[in-house]
Amino acid sequence: MPEPQGPINTISDDKPHDACGIVGAYIPGENVAETLFFGLFALQHRGQESAGIATSEGDRIGLKAKMGLVSQVFREETLNGLPGHLGIGHTRYSTMGGSKEYNAQPLLADGQRGAIAVGHNGNVINAAELRIEMVEEFGSTFDRSSDTEVIAELYAKAPGTDWFEVSAYAMRRLKGAYSLVIMTKDQLIAVRDPLGIRPLCLGTLNGGWVVASETAALDNLGAEFVRELEHGETIVIDKHGVQSKIWSGTRAKHAMCIFEQIYFSRPDSIVNGELAYETRKRLGAEVYREHPVDADIVVGIPDSSTPHAVGLAAAAKIPYTEAIIRNRYVGRTFIQPDQHSRDQGVRTKFNPMRGVIEGKKLLVVDDSIVRSTTIIRVVKMLRKAGAKEVHVRVASPPIISTCHFGVDMATLGELIAANKTVEEIRDYIGADSLAYLSVEGLLRAVRAPQNAYCTGCFTGKYPIPVQLEMNKLALEAAPTT
């Protein structure tokens with residue numbers, strides 16, 4: 001059995017984990033390190049393993065990247081040591097490569113156009129093959145174990161007279177998900193893959209430009225949202241302004257990860273043209289229309305399921321009640337995930353209000369169930385608090401397949417819906433009833449035409465061919481030269 005990679009999160013291990021958050025800034029006349037810090041702070045939910053910032057004054061790239069939360073890695077004196085009007089930032093959750101400091105981003109690479117720094121959100125599924133090819137073609141050497149190092153080397157070494165030609169070359173060879181922020185000593189480049197799987201947006205700030213994974217980061221900076229990047233788009237920002245080009249090989253429809261709508265993006269972010277909070281309310285309403293049940297109160301599992309519960313309650317005309325209080329100061333822990341610590345973790349994170357719950361029929365709303373480790377303990381907790389009945393509604397379909405494009409959720413053997421029927425899951429978690437949103441209901445709620453999102457984790461059908469399961473540590477033992 002491999003050693004645990006980094007901190008064990010025993011109290012929120014039943015949710016999918018997104019790969020990373022990225023941000024970039026080009027603001028003439030300002031030092032952007034603090035801007036990048038607050039941008040990353042707003043994206044901390046997308047990754048909590050490491051954080052990094054790279055900046056330039058126009059002559060060289062300075063870099064600081066370490067393990068830890070954004071507030072742990074950066075202090076005022078650290079930011080003061082990263083001068084420059086141009087920079088990128090990254091906060092990481094590993095989906096390819098171990099949780100180790102040498103994989104902390106941004107990563108540096110050198111090529112014929114000079115040094116570049118790269119931050120990546122997503123997962124490149126052919127990284128291992130590309131790594132071998134690039135050793136032979138470019139004489140590349142690799143001393144890390146993430147797919148981002150492969151991307152950085154490819155962008156540094158790829159042929160092309162400008163970044164649009166370089167990006168086109170890279171897009172022809174990369175397979176999978178990659179939203180990128182790239183910087184040279186005097187340019188900021190932003191890239192969204194041809195499938196548009198992971199999000200990326202553009203804003204203006206103080207006469208300059210900011211790119212970020214989510215609009216919530218722009219809001220946190222006081223930036224004005226301009227638009228989301230198109231799938232297959234490359235943007236170059238420098239002293240001449242903003243230039244943009246969409247790769248000619250980009251397909252007509254994007255395949256954004258549907259979990260951005262369900263869970264990943266902050267509810268105050270705009271995702272595919274609409275506030276995520278409003279979309280999640282419709283998800284909740286839709287699952288109730290498909291699976292109504294009599295109840296006294298609607299309860300959301302805080303905080304991620306709150307919008308879904310609000311929407312369900314409105315559709316059901318049943319009062320929404322805060323019956324579970326969440327301790328918002330619970331973080332990651334090194335405690336090993338034995339039975340006692342898991343139970344203690346749920347008690348530490350959630351506290352039921354007996355006076356609200358006792359004698360009531362509860363309709364409990366969750367945004368998703370991966371392994372079932374959280375919901376089973378929540379149901380047990382609510383029954384102990386005196387609930388008369390506990391009915392569970394899940395505002396997404398059963399997860400029956402693993403993700404290959406930047407989401408770490410579980411192995412196929414750990415996905416409860418891949419191994420049990422809905423009735424078996426209901427019995428296992430101890431609920432009086434259990435129902436999931438259908439795939440059709442999901443697409444209705446997000447107002448999407450067929451094939452406009454990647455729904456592979458619910459259907460087993462992906463926008464591009466993938467192998468059944470991938471090992472996120474596959475590059476750990478790969479050859480380095």
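Values quoted throughout were computed directly from the atomic coordinates according to the rules given, and no laboratory measurement underlies them. Just so it is clear, the structure is predicted and the values come from calculations on it, not from any experiment. Virtual Cβ from ideal backbone geometry, glycine too; neighbours counted across all protein chains shown.
For ASN351 and LEU108, what does the FRET efficiency come to when R0 = 45 Å and r is the distance between their Cβ atoms, rounded to the nearest 0.05?
0.50
Give the angle, between 0 and 90 degrees and rounded to the nearest 10, that separates the Cα long axis of helix 306-316 from the longest principal axis of the Cα atoms of the chain.
Helix 306-316 and the main axis of the chain meet at about 40 degrees.
Would you mind calculating the relative contact order of the chain from Cα pairs under 8 angstrom and at least 6 residues apart, reporting the percent as a whole number?
Answer for the chain is 16 percent.
Rounded to the nearest 500, what is the chain's calculated 222 nm mean residue ellipticity when only DSSP H runs of at least 4 contribute -39500 (n - 2.57) each, over all residues?
So the calculated ellipticity at 222 nm is -8000 deg cm²/dmol.
Can you tell which of TYR263, TYR288, ILE369 lies farthest toward the positive end of the dipole of the chain, using +1 and -1 charges on the Cβ of basic and acidic side chains (Lys, Arg; Asp, Glu)?
The listed residue farthest towards the positive side: TYR288.
Using the Cα centre as the reference, give the magnitude of the dipole from point charges on the C-beta atoms of the chain (Lys, Arg: +1; Asp, Glu: -1; all else neutral), rounded to the nearest 20 debye.
Dipole about the Cα centre, nearest 20: 1120 debye.
Roughly how many Å is it from the Cα centre of region 15-67 to that of region 237-271, as a whole number?
Measuring centre to centre over Cα atoms gives 18 Å.
Given a Förster distance of 22 Å, report the FRET efficiency between ASP59 and THR204 from their Cβ-Cβ distance, rounded to the nearest 0.05. Present the calculation step by step, with values, prior to reporting the outcome.
Details: r = 26 Å, r/R0 = 1.16.
Using R0 = 22 Å, I get an efficiency of 0.30.
Specify which residue in the list PRO83, SER305, VAL181 is farthest towards the positive end of the charge dipole of the chain, using unit charges on the beta carbon of Lys, Arg (+1) and Asp, Glu (-1), about the Cα centre.
Result: SER305.
Taking the simple approach of a point 7 Å from Cα along Cα-to-Cβ for both LYS253 and GLN72, what is their distance in nm?
Result: 4.2 nm between the two label points.
Lysines near LYS461 by alpha-carbon distance under 22 Å, same-chain residues fewer than 8 away left out - which ones?
Of all the lysines, those that pass the test against LYS461 - Cα under 22 Å, at least 8 places apart if same chain - are LYS15, LYS175, LYS253, LYS420, LYS472.
Find the eigenvalues of the gyration tensor of the Cα atoms of region 17-255, then list the square roots of 5 times those eigenvalues as equivalent ellipsoid semi-axes, largest first, in whole angstrom.
In descending order, the three semi-axes are 24, 20, 18 Å.
What Kirkwood hydrodynamic radius, in Å, does region 44-135 give when the mean of 1/r is taken over all pairs of distinct Cα atoms and then inverted?
Answer for region 44-135: a Kirkwood hydrodynamic radius of 14.2 Å.
Using the number of other C-beta atoms within 10 angstrom as an exposure proxy, rank ASP110, ASP59, ASP147, ASP14 with the fewest first.
Ranking ASP110, ASP59, ASP147, ASP14 by Cβ neighbours within 10 Å, fewest first, gives ASP59, ASP110, ASP14, ASP147.
Cut-off is 10 Å between beta-carbons; in what order do LEU221, LEU79 appear when sorted fewest neighbours first?
Fewest to most other Cβ atoms nearby, the residues stand as LEU79, LEU221.
Semi-axes of the equivalent ellipsoid for the chain, please: Cα gyration tensor eigenvalues, times 5, square-rooted, ordered largest first, whole Å.
The answer is 39, 22, 22 Å, longest axis first.
Considering every Cα-Cα pair within region 275-459, what fraction, in whole percent, is farther apart than 29 Å?
19
If neighbour count is taken as other Cβ atoms inside 10 Å, put ILE197, ILE27, ILE325 in order from fewest to most.
So the residues, fewest neighbours to most, are ILE325, ILE27, ILE197.
Given the options THR250, PHE164, GLY114, identify the residue whose Cα lies farthest towards the positive end of the charge dipole of region 17-255 (+1 on Cβ of Lys, Arg; -1 on Cβ of Asp, Glu).
THR250
Taking every pair of Cα atoms in region 209-330, average 1/r, invert it to obtain the Kirkwood radius, and report Rg/Rh to two decimals.
Here the Rg-to-Rh quotient is 1.10.
Under a 5 Å amide H to amide H cut-off, with H placed in plane at 1.01 Å, what residues pair with CYS454 once short-range neighbours are removed?
Those lying under 5 Å, H to H, from CYS454 are MET256, CYS257, ILE258.
With a cut-off of 8 Å between alpha carbons and a minimum separation of six or more residues, what is the relative contact order of region 275-459 in percent?
Value for region 275-459: 23 percent.
Taking the Cα centroid of region 213-228 and of region 113-180, what is the distance between the two, rounded to the nearest whole Å?
That distance is 27 Å.
Subtracting the Cα-Cα distance from 0.36 nm times the residue separation, let me have the gained length for LYS461 to VAL226 in nm, one decimal.
Length gained, LYS461 through VAL226: 81.3 nm.
Between the helical axis of 33-42 and the dominant principal axis of the chain, each derived from Cα atoms, what acute angle in degrees is found, rounded to the nearest 10?
20
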